[in-house]
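These notes concern the structure reproduced below.
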2 protein chains.
Amino acid sequence: MQKKSVKFNKVAIVGTGLIGGSLGLALKKKRIAKRIVGFARHNRTLSLAKKIGAIDIGSRDLKTAQDADLIVLATPVSAIISTAKQLSRIVKKDVIVTDVGSTKKEIVFKLEKIFTNYIGSHPLAGSQKSGVEHSCRDIFKDTICLLTPTAKTKKQTLRIITRLWKELGTRVVLISPREHDKIIAFVSHLPHLLAFALMDLIPRNYLRFAASGLKDTTRIAASGAHLWQDIFITNRDEILYSLRRFNRLLKNFEKLLLKKDLNRLRNLMVRAKEKRDSLR
Amino acid sequence: MQKKSVKFNKVAIVGTGLIGGSLGLALKKKRIAKRIVGFARHNRTLSLAKKIGAIDIGSRDLKTAQDADLIVLATPVSAIISTAKQLSRIVKKDVIVTDVGSTKKEIVFKLEKIFTNYIGSHPLAGSQKSGVEHSCRDIFKDTICLLTPTAKTKKQTLRIITRLWKELGTRVVLISPREHDKIIAFVSHLPHLLAFALMDLIPRNYLRFAASGLKDTTRIAASGAHLWQDIFITNRDEILYSLRRFNRLLKNFEKLLLKKDLNRLRNLMVRAKEKRDSLR
């Protein structure tokens, strides 16, 4: 028996960038939202979001969200936290709220105190590009969406938000905010840090010798600095932990090179290749 | 006026892997070689290479190369050096020789003592995949091919090999073996080392949370360990130098995180993004 699909009268998307815009398009396509109001700092963003059909109404005044029955916070992490406080004085008491921030511990800790029906989301979708102009309604399809319920999360909220992400084509995985930040530090935040550092390192006049290897390795270094400073700061401790672990591995690699220890070098690479091959 | 195109009666490709196989296909397509003899350790590789049309004759005996007028060494780096010695006792005195190894200083130093008409090549083409079964005749199109002439290189050899690579669609850039190894350490060897180390680091049970960022960053960690151990050893000093420079950058990144120095963090990322955006 098919579950009744989830519907909202008015969805407020706060932050109509790549993810917010794509979400708008996807909600429209799936007829999940009757009306979508989008919020951004700049009128240009809002008219662009409206033009591509990601939102119905654009607003720079959070009051427009007062009668929304779903709020999705899709700004950079620090703005998620500051906007949530402002919104709490405006919106309906029982409004369902989620966010799509890339770190969860700090956000969830704060937002679940502010909203009664809140749960954190982290769709593992997106790219190095930013801005509503790169929105794509299929961006969530066949990706994973992490939801981070806590002891405070209402079952009803979890159920609705789970159904929402499933309808957008994601595979929903539940995980605690703490585990989320620990794991994502390794599989996303540290790789970004390394890509930024590698691009910073390479002398400009060497760049003409770059082939596809370097290009793929550093694609994510073209991500927005404003987005990533928030991520690095709000998940600082886990990122530092993964960075130190990585440094120890590099030291070991250096030692093997110095000793020309072919066996151990090869073992390391065979292990790495085998793990990489298992990634689909 | 168009230059006379380069032609060979018999080309010997030693090592019919991804690059050797692709070279065979490309030489055939452009009608640059009348006959191609391919060498490999395993009969299976040779019959596959023949089946896809990368070579005309397969052989496991280097003597079959004795009447070749062009030899391309396309094995892993250490085998390039050992095979060259054996070949020198077999081939014609004036045979033109090149190799496609990813490190150049050690190879060129040795091979230009062995062959009169030798020049080193490094086509910046390929992928994490290996084996003749992944060969593609267009693999060199629109890539850069680095040639590493020295004071010993004959003009005639440089001219012929330059023309050869140009006809395969590459942009030829001349560079000294020393500069080659220094630059490629930064733009290729270090990125590979980091990808191997990153895959080695990430706990296996975290891999299901990997999104496209990690996948792109570590694609090259699926490269063959046998190929890369040779590269790491023959360009050890330059790789160690780039690794130490990278380590210093990571230490700085760590310090900025610890101090929550948002300005400097953002500057670093903006700089990295701007450089990455300049990569085409």
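Please give the average number of partner chain Cβ atoms lying within 10 Å of the Cβ of each residue in B:221-227, rounded to a whole number.
6
Using the heavy atoms of the protein chains and a 1.4 angstrom probe, tell me the accessible area per residue for the protein assembly as shown in square angstrom.
Per-residue value: 44 Å².
Taking chain B as a Gaussian network, Cα atoms linked when under 10 Å apart, which of B:K251, B:K166, B:K28 shows the biggest mean-square fluctuation?
Comparing B:K251, B:K166, B:K28 in the GNM, the peak value goes to B:K251.
Set the Förster distance to 45 Å, then compute FRET efficiency between A:K166 and B:R271 from the Cβ-Cβ distance, nearest 0.05.
Given R0 = 45 Å and the Cβ-Cβ separation, E is 0.65.
Starting from the Cα gyration tensor of the range B:10-78, take the square roots of the eigenvalues, sort them a ≥ b ≥ c, and report rounded, prolate or oblate (rounded when a/c is under 1.5, otherwise prolate if a/b is larger than b/c, else oblate).
In terms of gyration-tensor shape, rounded.
By the gyration tensor of its Cα atoms, with a ≥ b ≥ c the square roots of the eigenvalues, what is the shape of the range A:45-175: rounded for a/c under 1.5, prolate for a/b over b/c, or oblate?
Judged from the Cα gyration tensor, the range A:45-175 comes out oblate (a/c at least 1.5, b/c at or above a/b).
Below 18 Å, Cα to Cα, which lysines can A:K105 reach? Residues fewer than 8 away in the same chain don't count.
Cα-Cα hits under 18 Å: A:K85, A:K113, A:K152, A:K154, A:K182, B:K260.
What full-extension length gain, to one decimal in nm, is calculated for A:L258 and A:R31 as 0.36 nm per residue of separation minus the Cα-Cα distance?
Between A:L258 and A:R31, full extension yields an extra 75.6 nm.
For chain A, what relative contact order do you get, as a whole percent, if you take Cα pairs closer than 8 Å and at least 6 residues apart?
It comes to 16 percent, rounded to a whole number.
About the Cα centre of the protein assembly as shown, what is the dipole size in debye to 20, counting +1 per Lys and Arg Cβ and -1 per Asp and Glu Cβ, all else neutral?
520 debye
Report the accessible surface area buried between chains A and B, summing both sides, using a 1.4 Å probe on protein heavy atoms only, in Å² rounded to the nearest 100.
8300 Å²
Roughly speaking, what is the stretch gain from B:R89 to B:S212, that is 0.36 nm per residue apart minus the C-alpha to C-alpha distance, in nm to one decimal?
39.3 nm is the gain from fully extending B:R89 to B:S212.
Once both labels are modelled 7 Å past Cα along the beta-carbon direction, what's the A:I57-A:F109 spacing in nm?
According to this spin-label approximation, the distance is 3.6 nm.
Please say if the protein assembly as shown is rounded, prolate or oblate, where rounded means a/c under 1.5 for a ≥ b ≥ c the square roots of the C-alpha gyration tensor eigenvalues, and otherwise the choice is prolate for a/b larger than b/c and oblate otherwise?
prolate
For the range A:91-172, what is the charge dipole size about the Cα centre, in debye to the nearest 20, if Lys and Arg each add +1 at the Cβ and Asp and Glu each add -1 at the Cβ?
Charge dipole of the range A:91-172: 380 debye, to the nearest 20.
On a full-extension model of 0.36 nm per residue, what is the gain between B:D67 and B:E179, subtracting their alpha-carbon distance, rounded to one decimal in nm?
Length gained between B:D67 and B:E179: 36.9 nm.
How much net charge surrounds A:L265 when only the other residues with a Cβ under 12 Å from the Cβ of A:L265 are counted, with Lys and Arg +1 and Asp and Glu -1?
Computed value for this residue: +3.
Using the Cβ atoms and a cut-off under 13 Å, what net charge is assigned to the surroundings of A:F232, where Lys and Arg are +1 and Asp and Glu are -1?
Value of the local net charge: -1.
Carbon and sulfur atoms: what percent of the 1.4 Å accessible area of the range B:26-172 do they account for?
48 percent
Which one of A:V132, A:V173, A:V14 has the biggest mean-square fluctuation once chain A is modelled by GNM with Cα springs under 10 Å?
A:V173
What figure, in Å² to the nearest 10, do you get for the accessible area of A:E274 with a 1.4 Å probe and non-protein molecules left out?
Counting only protein heavy atoms, A:E274 exposes about 90 Å² to solvent.
Can you give the local net charge around A:G58? Use residues other than it whose beta-carbon is closer than 13 angstrom to its beta-carbon, Lys and Arg +1, Asp and Glu -1.
Neighbour charge sum, excluding A:G58 itself: +4.
Which whole number gives the average count of other chain Cβ atoms within 10 Å of the Cβ atoms across peptide A:146-158?
Counting Cβ atoms of other protein chains within 10 Å of each residue's Cβ and averaging gives 0.
Quick one: among A:N247, A:N43, A:N267, which has the greatest mean-square fluctuation in a GNM of chain A with alpha-carbon springs under 10 angstrom?
Of A:N247, A:N43, A:N267, the most mobile in the Gaussian network model is A:N267.
Work from the charge dipole of chain A (Cβ charges, +1 for Lys and Arg, -1 for Asp and Glu, about the Cα centre) and give the residue of A:F232, A:T157, A:I36 farthest towards its positive end.
Of the candidates, A:T157 comes out farthest on the positive side.
With +1 on each Lys and Arg Cβ and -1 on each Asp and Glu Cβ, and nothing else charged, work out how big the dipole of chain B is about its Cα centre, in Debye to the nearest 20.
520 debye
How much of the accessible area of the range A:180-225, in percent, comes from carbon and sulfur atoms when a 1.4 Å probe is used?
52 percent
In whole Å, what are the extents of chain A along the principal axes defined by its C-alpha atoms, from largest to smallest?
Per principal axis, max minus min of the Cα coordinates gives 67, 43, 38 Å.
The values are calculated or read from the model by the stated rules, or taken from the named source; none is laboratory data. The structure presented is a predicted model; accordingly, all values stated were derived computationally and were not measured. Backbone-built Cβ (ideal geometry, glycine too); neighbour counts: all protein chains shown. Just the protein is used for accessible areas: all its heavy atoms, side chains included, with ligands, DNA and RNA removed. Shrake-Rupley method; radii C 1.70, N 1.55, O 1.52, S 1.80 Å.
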